[in-house]
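Working notes, beginning with the structure itself.
What follows draws every value from the coordinates through simple rules; no lab data is involved. The structure presented is a predicted model; accordingly, all values stated were derived computationally and were not measured. Positions of Cβ are backbone-derived with ideal geometry, glycine not excepted, and every protein chain shown enters the neighbour counts.
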Amino acid sequence: MDTCARIAERARGIVANGKPLSLHIGLCCTQDAPDARDVNELMDRARIAQHESRKRGAKLRAYSKPMRDALLRRADLERSMEGALRQGEFFHLVQPKYDVAGTRVLGGEALVRWSRPGEGIVGPDEFIPLFEQNGFIIRLDEFVFERTCRYLRERLDAGEPVVPVSANVSRLHLHRPDFVETYARIKDRYRIPDGMAELEVTESIVLEDLGNARRVIAALQARGFSCSIDDFGSGESSLNA
């Protein structure tokens with residue numbers, strides 16, 4: 001058994017006053033980081049492993065290069081997100097919603113993508129969870145909704161057919177006192193008819209605080225929004241055994 005494995009084995013048995021301690025330990029041995037030049041760099045990598053341990057609810061994680069790569073990638077995205085929004089790197093798309101027969105468009109869903117110069121498209125599965133954690137999702141969601149309203153207004157002014165378009169809102173919005181007023185102000189600025197702008201919240205958000213979700217949804221509906229629950233049936237309401 002190597003050194004890291006022996007340390008991990010001992011850590012699992014640590015107790016205090018007869019009760020197991022809740023520990024999150026990160027390890028980095030020299031064989032895990034041959035590029036580390038001194039003990040300080042080994043400590044930095046051990047902290048990376050500890051962060052990963054805490055994030056995943058594990059007692060112990062050993063450092064690996066992919067962990068560091070992921071942390072550097074996260075830092076890079078966070079460092080550039082403000083400038084990316086200012087410089088127009090984020091853009092919105094409207095995905096059509098068809099009827100069951102697939103012959104008639106009943107609505108649309110607003111999506112967001114990130115096109116980084118020199119890199120290309122960054123998938124939303126990479127940046128959306130990060131922005132939900134650091135709070136930037138509030139500004140990005142508002143950007144997408146504003147672009148959605150602009151899109152609807154351009155079609156209305158051109159006399160083109162329009163269908164209701166939905167946009168996602170995060171759990172952070174539902175706890176902001178200015179959320180409803182902010183979105184209503186954007187909707188009114190573009191003179192979007194009632195019922196044409198739909199806001200989607202996930203099932204998990206609603207069930208986190210049902211009372212607050214009901215109040216917010218009622219306030220949105222009073223301002224002419226349609227509301228829907230996204231991912232319904234995938235969580236608490238799932239019929240899976």
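Would you please give the residues with an amide H less than 5 Å from that of V112, counting only those at least 5 places away or on a separate chain, with H modeled from the backbone geometry?
Those qualifying (amide H under 5 Å, at least 5 residues apart or on another chain) are L93.
For region 78-127, state which trypsin sites (Lys or Arg not before Pro) are in a DSSP loop and have at most 12 other beta carbons lying within 10 Å of their beta carbon.
R104
Return the whole-Å distance between the Cα centroid of region 199-217 and the Cα centroid of region 106-180.
Each part reduced to its Cα centre gives a spacing of 18 Å.
Can you classify region 112-184 as rounded, prolate or oblate using the Cα gyration tensor, where a ≥ b ≥ c are the square roots of its eigenvalues, rounded means a/c under 1.5, and otherwise it's prolate if a/b beats b/c and oblate if not? Don't skip to the answer; put the middle values down first.
Details: a/c = 2.72, a/b = 1.22, b/c = 2.23.
Here region 112-184 falls in the oblate category.
So what are the ³J(HN,Hα) numbers for region 82-93, from phi and the Karplus equation (6.51, -1.76, 1.60; θ = phi - 60°), rounded to whole Hz, Gly and Pro as x?
In residue order, the calculated couplings are 4, x, 4, 5, 5, 8, x, 6, 7, 9, 10, 10 Hz.
Checking the a/c ratio against 1.5 first, then a/b against b/c, what shape does the Cα gyration tensor give for region 98-238? Mind dumping the intermediate values first?
Numbers: a/c = 1.28, a/b = 1.08, b/c = 1.18.
Rounded.
Kindly provide the GluC sites (Glu not before Pro) of region 82-165 that DSSP labels as loop, not H, G, I, E or B, and whose Cβ sees at most 14 other Cβ atoms within 10 Å. Can you show the working numbers first?
On the way: sites: E82, E89, E109, E119, E126, E132, E142, E146, E154; in loops: E89, E119.
For GluC sites (Glu not before Pro) across region 82-165 that sit outside H, G, I, E and B with at most 14 neighbouring Cβ atoms in 10 Å, the list reads E119.
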